Amino acid sequence: MNNTGFTFNEIHQQPAMWRKELEALLAQKAAVSAFMHQYLTSETDIVLTGAGTSAFIGDAIEPVMRGMWRNVRAVPTTDLITHAEYLLDAERPLLLISFARSGNSPESVGAVKLANKLCKNVAHIYITCNKNGKLAQQAVESQKSKVESNILLLLLPEETDDKSLAMTSSFSTMLLTCLMLGHIDTLEQDKEMIEKAVKNAEAVIAGYEEQLKEIASRPFERGVFLGSGALKGIAEECHLKLQELTDGAVVCKYDSFLGFRHGPKAVVNSKSIVVYLMTDEEKVMRYERDLVRQVDANNKPVAQIIVISGRKPEMPEVKADLVVELPYSKAETDFYGIVPYVLVGQLLGYYASLAHGLNPDAPSVSGNIHRVVEGVTIYD
């Protein structure tokens with residue numbers, strides 16, 4: 001096993017980073033809770049924002065956070081930059097939660113400026129991995145210069161500032177941090193559920209890495225990731241990991257199980273792999289089973305991978321190449337359980353990158369993508 005390079009280490013360090021971030025957030029619980037109670041009311045619009053992988057965090061979180069934050073929406077910074085006046089209500093209080101690995105991307109900084117300019121009453125939470133980034137430094141300066149800062153900085157463990165091109169531990173730890181933020185007042189009671197998510201991630205690495213490596217070496221040109229609800233957001237991130245780590249040699253799609261039937265299913269052929277991120281809620285799984293059966297009966301992809309947590313889908317007729325079982329099933333109220341699913345996409349991407357003769361830390365031979373986006377001008 002090739003265990004050198006940033007990407008490998010950043011994928012494998014995730015369980016440790018999640019435990020570390022839980023303890024860090026518990027240590028600042030009082031200050032975080034006070035900020036949330038001050039700026040989060042029933043009238044507050046909450047916008048989850050970021051660019052690329054950081055935007056996908058919001059896509060995954062929005063469905064599960066609606067049970068706590070009624071007015072929450074995921075809006076990428078890349079949309080806010082061009083259409084902020086349509087996407088933000090200047091008359092309503094706004095809590096802008098920005099996800100940023102580096103905190104230096106032009107869109108991240110520009111979206112904050114636009115929100116401050118357009119909205120009369122705005123507060124910010126920066127969830128970032130880089131203490132030297134522009135967002136982190138802006139928060140520090142705000143706290144120095146004002147009696148009462150409208151910015152809460154949640155700085156993640158230094159190791160999560162991924163040095164590789166692809167975001168892995170930064171994505172999952174920022175995602176987990178925002179989920180914990182939603183339960184900040186009762187976070188101690190959630191420790192057991194968070195530990196289950198950690199152990200599930202460890203189980204994927206210990207029990208399935210070699211099999212994922214073998215599948216990643218097979219000759220496929222397309223990748224499809226499917227998920228329902230919050231897992232659709234995880235599927236979105238998985239599809240990007242495989243695509244960017246192979247420098248576009250594998251072109252990927254993501255969708256919901258039900259949405260996939262409406263045209264996108266045409267991409268599945270004998271040069272595809274299909275990854276099903278299945279829920280453990282029976283009312284949803286029944287729809288997912290139907291789609292898996294249909295694809296299995298009508299297509300011959302290079303590989304089919306089923307990822308499950310707790311409840312087994314009971315499809316003996318389906319010939320999956322790999323079933324990844326997350327052994328610690330989650331309760332209906334446990335939304336932390338979505339996080340470890342992402343390791344399947346990360347590991348597939350890492351080993352597919354090696355199989356294509358690329359360096360996973362810097363796979364973009366074409367130069368089309370960079371660790372921090374380049375070439376973006378933010379206009380007035």
Go through the residues of segment 47-63 one by one and say whether even a single one is closer than 20 Å to A230 by Cβ, surrounded by fewer than 19 Cβ atoms within 10 Å (Cβ to Cβ) and at pLDDT below 95.
yes
Please enumerate the residues belonging to segment 13-46 that are β-branched (V, I, T) and without any contact (Cβ under 8 Å) to a residue 60 or more places away in the chain.
T41, T44, I46
Condition first: assigned to a helix (DSSP H, G or I) and of a type in the set (S, T, N, Q). Can you find one or more residues in segment 287-295 that meet it?
yes
Do we find a residue being touching a residue at least 60 places away in the same chain (Cβ under 8 Å) and charged (D, E, K, R) anywhere in segment 242-253?
yes
Could you tell me whether any residue of segment 187-197 is surrounded by 24 or more Cβ atoms within 10 Å (Cβ to Cβ) and over 28 Å from A27 (Cβ atoms)?
no
Could you check segment 76-87 and list, in sequence order, the residues that are under 16 Å from the mean Cα position of the chain (by Cα) and either surrounded by fewer than 23 Cβ atoms within 10 Å (Cβ to Cβ) or not assigned by TED's automatic domain parsing to the domain that holds S108 (or both)?
P76
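Looking only at segment 64-75, filter to residues that are modelled with pLDDT of 95 or more and either at positive phi or of a type outside the set (V, I, T) (or both); which one of those is farthest from the chain's Cα centre (by Cα)?
Step one: list which residues in segment 64-75 are modelled with pLDDT of 95 or more, which gives 72-75.
Imposing the further condition that a residue be either at positive phi or of a type outside the set (V, I, T) (or both) reduces the set to 73-74.
Details: R73: 15, A74: 12 Å.
Out of the qualifying residues, it is R73.
Would you check if V198 is modelled with pLDDT of 95 or more, within 17 Å of the chain's Cα centre (by Cα) and either in a helix (DSSP H, G or I) or not assigned by TED's automatic domain parsing to the domain that holds V339 (or both)?
Numbers: modelled with pLDDT of 95 or more: yes; within 17 Å of the chain's Cα centre (by Cα): yes; either in a helix (DSSP H, G or I) or not assigned by TED's automatic domain parsing to the domain that holds V339 (or both): yes.
When the stated conditions are applied, V198 passes them.
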Could you check segment 254-280 and list, in sequence order, the residues that are of a type in the set (S, T, N, Q) and either under 19 Å from N299 (Cα atoms) or touching a residue at least 60 places away in the same chain (Cβ under 8 Å) (or both)?
S256, N269, S270, S272
Can you report the number of residues in segment 223-265 which are basic (K, R), surrounded by fewer than 24 Cβ atoms within 10 Å (Cβ to Cβ), at pLDDT 95 or above and not in a strand (DSSP E or B)?
1
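Could you check, for segment 336-353, whether at least one of its residues is β-branched (V, I, T), surrounded by fewer than 22 Cβ atoms within 10 Å (Cβ to Cβ) and either in contact with a Cys (Cβ under 7 Å, 6 or more places away or on another chain) or not assigned by TED's automatic domain parsing to the domain that holds F56 (or both)? It would help to see each step written out before you state the result.
From segment 336-353, those β-branched (V, I, T) are 338-339, 342, 344; that's our starting set.
Pick out the ones that are also surrounded by fewer than 22 Cβ atoms within 10 Å (Cβ to Cβ) and you get none.
For segment 336-353, residues β-branched (V, I, T), surrounded by fewer than 22 Cβ atoms within 10 Å (Cβ to Cβ) and either in contact with a Cys (Cβ under 7 Å, 6 or more places away or on another chain) or not assigned by TED's automatic domain parsing to the domain that holds F56 (or both): absent.
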All but one of (1) within 21 Å of the chain's Cα centre (by Cα); (2) crowded, with 20+ Cβ neighbours inside 10 Å; (3) under 17 Å from T173 (Cβ atoms) hold for V32; which doesn't?
(1)
Identify the residue in segment 322-362 that is under 19 Å from E236 (Cβ atoms) and of a type in the set (V, I, T) and, among all such residues, is farthest from the chain's Cα centre (by Cα).
V324
Of all residues in segment 5-28, which are over 16 Å from the mean Cα position of the chain (by Cα) and aromatic (F, W, Y)?
F6, F8
List the number of the failed condition for E210; all other conditions in (1) part of a helix (DSSP H, G or I); (2) touching a residue at least 24 places away in the same chain (Cβ under 8 Å); (3) surrounded by fewer than 18 Cβ atoms within 10 Å (Cβ to Cβ); (4) in the same structural domain as N121 (by TED's automatic domain parsing) hold.
(4)
Members of segment 295-311 that are surrounded by 14 or more Cβ atoms within 10 Å (Cβ to Cβ) and over 24 Å from the mean Cα position of the chain (by Cα):
V295, D296, N299, P301, V302
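The values are calculated or read from the model by the stated rules, or taken from the named source; none is laboratory data. All figures in this text were calculated on a predicted structure; none of them were measured in a lab. When we count neighbours, we look across all protein chains shown, and the Cβ atoms used for this are built from the backbone with ideal geometry, even at glycine.
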